[in-house]
Amino acid sequence: MNNQVDSKSEVNALSQYTVIMVDDELNILQTLKRCFSREKFRVICANSGAEGLKLVADTANVAVIVSDQRMPGMNGSEFLTRSREFAPDAIRMLLTGYSDIETTVAAMNEGGATHYIGKPWEETMLLQTVGGCVMQYHLNMENRRQQEIINQQNAELRELLSQRTQQNCKLEQMASTDALTGLTNRRRFLESLENERSRTERNGGALSLIMFDIDHFKKVNDTWGHAVGDKVLCEIAREMQLFLRKADSAARYGGEEFVILLPETELPGAALIANRLRQMVADTVITQDQGPPVAVTISIGIASLELDESGEKLLIRADQAMYRAKNNGRNRMELAS
């Protein structure tokens, strides 16, 4: 049943197509019109190549172009070739009285014809050949339409995948970034720490960690408000990123605590970086819209990875050193024991 419906739909679809037939003999054109009078597709005729070109140019959905070869002024091959400008996808066919196949093939090649009917023709064969070409054109157009739909769907899918990838990247960034300072957050920092610890354990080398805390930060919030406190955190994060190496990673560990991971860095080198950081923060003045400038200091603890030490233990030692710095007067750094 479905095959019958599909076949009927295809036949009905042929009514949108036009076959153009060109011959300089009027009696042949009349015979052609009679032969195709009951076909679904439309047949229009011209009695010269020039008239045929005008028809092709002015007619939509030209499926098949049939031309006599021997015509005065413009032969069939030339007409078929020139018609390609206006109907490049139409199927071309020659009507020819040539008796030898070599001449016929040469004329077909010259005009870009894919079919030919010899004169005099057998009516049933002519109807079947032209009708088959119209159906082939219909299938070609349907295939092209389907391919365009597929291409459009693929383009939409690629756009959707691109948007999804961007969304995933944004979500991943949000999941790994501190919303206030833009630094890596604690969760992602701990992942980085474990990765660097494992790499150092496998390949050798050094790994150091700096942990620091803003001195008397609660007083900043209580005195000037949390908006100023947030500005202090952001300014320190910005200044800190200016002098870190590409391989280093900084994170907001929690509240007013920050950590910096320093791959391939021994303890003395980490101490130099930490002292630069301490001095930079002490020299930084944070302005506010209303009220005097705000200055803060930091207390720093520094630790380097020991043999077979875990990342957690390294953090604990840096944290303990930081609290010694606070207990010993703040605005200073201490090395982990």
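When the alpha carbon gyration tensor of the chain is reduced to an equivalent ellipsoid, its three semi-axes come out at 89, 22, 18 angstrom, largest first. Local charge for Y323 was computed over the other residues whose Cβ lies under 10 Å away, with Lys and Arg +1 and Asp and Glu -1, and equals -1. Take every pair of alpha-carbon atoms less than 8 Å apart whose residues are at least six positions apart; their mean separation over the length of the chain yields a relative contact order of 11 percent. Using a Cα distance threshold of under 27 Å, what count of lysine pairs results for the chain when pairs must be 8 or more residues apart or interchain? Final tally of qualifying lysine pairs is 17. Relative to the current alpha-carbon distance between D283 and L161, full extension at 0.36 nm per residue lengthens the span by 39.1 nm. Between the helical axis of 226-243 and the longest alpha-carbon principal axis of the chain there is an angle of about 80 degrees.
Stretched out straight at 0.36 nm per residue, the stretch from R144 to I316 would grow longer than its current Cα-Cα span by 55.2 nm. Segment E194..I101, full-extension length gain: 25.4 nm, with 0.36 nm per residue of separation and the alpha-carbon distance subtracted. Taking label positions 7 Å along the Cα-Cβ direction at both A50 and N327, the computed distance is 11.0 nm, reported to one decimal. Ordering R324, R38 from the fewest to the most neighbouring beta carbons within 10 Å gives R38, R324. Helix content alone sets the calculated 222 nm mean residue ellipticity of the chain: runs of n ≥ 4 DSSP H residues at -39500 (n - 2.57) each, divided across all residues, give -18000 deg cm²/dmol.
No value in this document is a laboratory result; all are computed from the given coordinates. Worth saying up front: this structure is predicted, and the values here are computed from it rather than measured. Quick reminder, even Gly has a Cβ in these numbers, built from the backbone with ideal geometry, and neighbours come from all protein chains shown.
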